[in-house]
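**Q** Structure provided below as structure tokens; questions to follow.
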Amino acid sequence: MTNFVGAVLNAIRGFLIGLAEIVPGVSGGTIALIVGVYRALIRSAASLVQVVLSGVRSGPAAMRGPWRQVSWPVVLPVALGMVTGIFLGAWFLEPVLENYPIHTRAVFAGLILASLWVPIQMVGSGWSWLLGLAALASSALVFVALGLPGATAPSDSLLWVAPAAALAVCALVLPGVSGSYLLLTLGMYEPTLSAVNDRDYAYLGVFVLGAIFGLGVFVTALQWLLANHSSITLAIMTGLMVGSLRALWPWQGDGGELLAPEGDVLVVGGLALGGFLLVVLLIAAERALRRSQPERAGL
């Protein structure tokens, strides 16, 4: 029964990550960090990369060691939840984002603002002026990058699907970077969202292959950084999350330029506060789970 409850909770965590992956400006890695499965997913992804490399270098027998290091009780339900979240989220959020862009951005801004507490408290007493400078620099870099105009999708977009997916999947690994926003900047967001809703399996298959390649290249380096330079890595993640708030300022022009608040400012502020409080509740629930069942908290 306890295993079943843990699997359901991890599936819900995966569902939230999947939802985040289709929202421009919101990072799936950030949500993974909030709900407590980030390190388990990073370790497991690195182990899966080693499974493939060991099989290529030394044959099937060498694959057993890294295969056993994968946290399957976390990975499988999270993956199932992610797929569900992506498909249901694409169906639901496409019209919501189109019809209520100001209100949805406000909610997501509140989510990200509250989630800053996660990497900040992970650094803890290790914060210094150098780490603060690193966070500030990464924040400024993302803020400027998110202000760049979106590209136009190539006429034969299938040729660009794998490279775009390889770049966008880095957002699943790196909190604060939105994979959907990277796709938007590359001009590939709308084709990808349409492919999900239209069940374009050729497009989705190429996308998955590109994502697997990008994950294999990137995840090993990130795991090494978290293991050997945890504080500076988390400080940079904090800055990335702060910078990503630029994409979620509720009032924006057609080209993404920031505008002054107007209209139902109190309603928009209330929605942002609601998103903020939701993350606070998630963090509190995750802490309570770790205290009651530390071995099953997904860490």
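The values are calculated or read from the model by the stated rules, or taken from the named source; none is laboratory data. Just so it is clear, the model here is predicted, and its values are computed rather than measured. Cβ sites come from the backbone with ideal geometry, for glycine too, and all protein chains shown count toward neighbours.
**Q** Which condition from (1) surrounded by fewer than 23 Cβ atoms within 10 Å (Cβ to Cβ); (2) part of a helix (DSSP H, G or I); (3) at pLDDT 80 or above is the one that residue 53 breaks?
**A** Going through the list (1) surrounded by fewer than 23 Cβ atoms within 10 Å (Cβ to Cβ); (2) part of a helix (DSSP H, G or I); (3) at pLDDT 80 or above, residue 53 breaks only (3).
**Q** Another question, then. Where the second residue is outside any helix (DSSP H, G or I) and polar (S, T, N, Q) and the first is closer than 21 Å to residue 98 by Cβ and lies in region 190-205, which pairs have Cβ atoms under 7 Å and are six or more apart or on separate chains?
**A** What qualifies is 191/157.
**Q** Looking at region 229-286 only, could you name the residues that are at pLDDT 85 or above, in contact with a Pro (Cβ under 8 Å, 6 or more places away or on another chain) and not in a helix (DSSP H, G or I)?
**A** Residues satisfying the conditions are 250, 251, 252, 261.
**Q** Can we say residue 196 is surrounded by fewer than 16 Cβ atoms within 10 Å (Cβ to Cβ) and either under 30 Å from residue 124 (Cβ atoms) or not polar (S, T, N, Q) (or both)? Step through it out loud before you land on a result.
**A** Numbers: surrounded by fewer than 16 Cβ atoms within 10 Å (Cβ to Cβ): no; either under 30 Å from residue 124 (Cβ atoms) or not polar (S, T, N, Q) (or both): yes.
Considered against the rule, which asks whether it is surrounded by fewer than 16 Cβ atoms within 10 Å (Cβ to Cβ) and either under 30 Å from residue 124 (Cβ atoms) or not polar (S, T, N, Q) (or both), residue 196 comes out as no.
**Q** Of all residues in region 32-44, count the ones that are surrounded by 24 or more Cβ atoms within 10 Å (Cβ to Cβ), modelled with pLDDT of 80 or more and either not hydroxyl-bearing (Ser, Thr, Tyr) or not in a helix (DSSP H, G or I) (or both).
**A** 3
**Q** Of the residues in region 246-262, how many are over 16 Å from residue 142 (Cβ atoms) and out of contact with any Lys or Arg (no Cβ under 9 Å at 6 or more places or on another chain)?
**A** Selection size over region 246-262: 8.
**Q** Return the only residue of 128, 139 being under 19 Å from the mean Cα position of the chain (by Cα) and over 20 Å from residue 44 (Cα atoms). Reasoning before the result, please.
**A** Details: 128 fails: under 19 Å from the mean Cα position of the chain (by Cα).
The conditions single out 139.
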